[in-house]
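Okay, so here's the structure we're looking at.
None of the figures in this text is laboratory data; all of them are computed from the coordinates on show. Since the structure is predicted, the reported quantities are computational estimates derived from the model, not experimental observations. Cβ: placed from backbone, ideal geometry, glycine included. Neighbour counts: every protein chain shown.
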Amino acid sequence: MSEVIFRFYEELNDFLSPRRRKRDFQVGFKGRESVKDMIEALGAPHTEVDLILVNGKSVDFGYIIQNGDRISVYPTFESLDIKDVTRLREVPLRQTRFIADINIRDIVKYMRALGLDVYYDASLLPREIIRISKRENRTILTKSRKLLKFRDVTHGIFIRAGTTVEQIRGIIDYLSLREFIEPFSRCLQCNKPLVRVSKERILERIPPKTREFYDEYSYCKTCDRIYWKGTHYMKIKKVVDEILG
Ligand SMILES: [Zn+2]
C-alpha cells in the first residue's frame, strides 16, 4: 500500500468530509492512480479545480501519483497568484454563456433577467447537456456533482446550497461577470435578446390600461412576446436589485 498527503484549499474544502477540511491528510492507494481520479474520489469535481501542486510543482489531471507525494489542490479562484504555474484550462471563456441543468429554474429566470445567456431545456439528459456545453462553449450550471465528474465536462459550476440571490451572486462574483450584466435585455422565456419596439407598432396587442400607463416596450422576435415595466417586471426587478446590491 502506498500513501500520499493531500491538502485542499479555499472552497474546495466544502466537498470533503469534515475531518479532512483545511488540513493535511493521508490517503492510501494501490497501483496506478491519476491525481484526477483521486481528487474526485475524495469528493471534489474536477471542474472546480484549477491548480494541482505535487511536491511544489504543478501537474495536470493525468499525473500518476507516487508514494510519498504531497499534493495541494486549489480551486478556480481568480485572485490567487498562480501566474507562474500550469493552470488546468485556458482562461475563463471570454463571452460567458451557460447551460443550466434541470431543477434550477429560478436561477435561469433571474440570470436571464440580468441579461446573461442561459440555455435551459427541462427535457435534456445529462449527456445532452454536456454535448451542448461543448458545442456552444457553455459553462454548465448544476446542483449535481455527478454531472460535473463526467470526463467530457470542461467548464462547470457547482451550485451550492443557499437562496437564489446568494447562488446567482456567487456565480457573478466567481466569474467576474458584473460588466456583462444588462438587466431586461433578454427574453425570460426563450433566452434570445430583446429589441425595443415602438408603442404604435404593437398598439392593438396591448391591454388598454397598459397602453395608458407605459410607453416603453421590448419585443422577442423568437417567441413573439411583448415586455413592459408592469407589476411582473417590478417583482423581478426587486430580485435583480437584490442580486446586484
Ligand atoms: Zn422569447
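Table for the structure above
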read-out	value
Between the stretch 1-54 and the stretch 187-245, the alpha-carbon center distance in angstrom	48 Å
Estimated 222 nm signal from helices in the chain, with DSSP H stretches of n ≥ 4 weighted -39500 (n - 2.57), rounded to 500	-7000 deg cm²/dmol
Rounded if a/c under 1.5, otherwise prolate or oblate - the chain, Cα gyration tensor axes	prolate
Within the chain, longest stretch clear of exposed GluC sites (Glu not before Pro) (DSSP loop, no more than 15 other Cβ within 10 Å)	137-215
Long-range amide H partners of ASP69 with built H, under 5 Å	ILE5
Net charge of neighbours whose Cβ lies under 9 Å from the Cβ of ILE52, counting Lys and Arg as +1 and Asp and Glu as -1	-1
Cα gyration tensor, the stretch 125-245 - rounded (a/c under 1.5), prolate or oblate	prolate
Cα-centred dipole magnitude for the chain, charges only on beta-carbon of K, R (+1) and D, E (-1), debye, nearest 20	600 debye
Global form of the stretch 181-245, assessed from the alpha-carbon gyration tensor, a/c cut-off 1.5	oblate
Folded to 0 to 90 degrees: helix 164-174 orientation relative to the chain principal axis, Cα	60 degrees
Per-pair calculated FRET efficiency, R0 = 41 Å: THR163 and LYS199 via Cβ, rounded to 0.05	0.65
